[in-house]
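Below is one structure; the comments refer to it alone.
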Amino acid sequence: MFMHMLRKSAFIKAPFIKAPFIKAPFVKAPQTLLIGCVVLATVAVTGCSTQVKRVDSNEEIALSDRWNATDSRLVAEEMVADMVSFPWATEFEMNNGRKPTVIIQRISNKSHEHIAVDTFINDIKRSIIRSGKASFVAGGEERESVRDERSDQELNAKDAKAQGQEKAADYALSGTLNSIVDQADKERVTFYQVDLKLIDMESNIEVWNGQKKIQKYQKKSSFGL
């Protein structure tokens, strides 16, 4: 009996004491911190986006001080306007009963940056043709390509154009594009100078010499943007 009571007492369950629940105080984040987080999140999202839109090709959009499409077009138009104002074209037409023909001999890029010279040459051609004072004859690779096509047509086309009937150039246009860069800290001045000259192919006389200068100033912001 005693042993039975001893065993039973060994299994007496200790009373469960429930610990009091302590609620942690709620700390409200400052409003300025929340606004800052929202702004940073917005910048992070929009900063990675890319926007593209079509604009007028004649509208100048200068993202840097480099030579651009507007420079090419304006320089070509101004220099051609000066070139055709000289008497060479009018005198030639009076003496020969036709407009003079011009060939682009070479326009070299000697500036500090890569410039699409072909674009500038096409702007010059377009301006001269629109002036109505002269015509162009093909030269260089373009001329060789036309000659190859003519030879192919002579063998394969019944109405092929005859060889040896090309129009010779009366004048040759050539020139250079140079630049000078002056920079100090975050400020930079870039100077461009275009020199063109027109030579009479028969007499070797320089009938026109033109020059156009462009100067651009660029200043970077303190944040490097």
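Considering only the range 131-176, state which residues are under 30 Å from residue 87 (Cα atoms), under 35 Å from the mean Cα position of the chain (by Cα) and among the polar types (S, T, N, Q). 131, 135, 174, 176 - these are the residues of the range 131-176 that are under 30 Å from residue 87 (Cα atoms), under 35 Å from the mean Cα position of the chain (by Cα) and among the polar types (S, T, N, Q). For residue 171, the criteria (1) farther than 20 Å from residue 72 by Cβ; (2) open to solvent by 40 Å² or more (accessible area, probe 1.4 Å) hold in every case but one, which is (2). Checked against the criterion of being open to solvent by 30 Å² or more (accessible area, probe 1.4 Å) and closer than 23 Å to residue 85 by Cα, the range 177-188 has no qualifying residue.
The helices (runs of 4 or more DSSP H) located wholly in the range 65-173 that include 1 or more residues which are closer than 30 Å to residue 219 by Cα and among the hydrophobic types (A, V, I, L, M, F, W, C) occupy 69-84, 117-131. Residues that are of a type in the set (D, E, K, R), open to solvent by less than 60 Å² (accessible area, probe 1.4 Å) and out of contact with any strand residue (DSSP E or B) (no Cβ under 8 Å at 6 or more places or on another chain): does the range 115-127 have at least one? Looking through the range 115-127, at least one residue is of a type in the set (D, E, K, R), open to solvent by less than 60 Å² (accessible area, probe 1.4 Å) and out of contact with any strand residue (DSSP E or B) (no Cβ under 8 Å at 6 or more places or on another chain).
Suppose the filter is exposed (fewer than 14 other Cβ atoms within 10 Å of the Cβ), within 33 Å of the chain's Cα centre (by Cα) and of a type in the set (Lys, Arg); does residue 212 pass it?
In short, no.
For first residues located in the range 149-178 and of a type in the set (S, T, N, Q), partners that are surrounded by fewer than 14 Cβ atoms within 10 Å (Cβ to Cβ) and lie 6+ apart or on another chain with Cβ distances below 6 Å form the pairs 174/106; 176/108; 176/110; 178/110.
Scanning the range 193-218 for residues that are modelled with pLDDT of 95 or more and of a type in the set (Ser, Thr, Tyr) yields one hit, 203.
The values are calculated or read from the model by the stated rules, or taken from the named source; none is laboratory data. Computed from a predicted structure; not experimentally measured. Using ideal geometry, Cβ is built from the backbone for each residue, glycine included, and neighbour counts are taken over all protein chains shown. Accessible surface areas use protein heavy atoms only, side chains included; no ligands, DNA or RNA. Shrake-Rupley method; radii C 1.70, N 1.55, O 1.52, S 1.80 Å.
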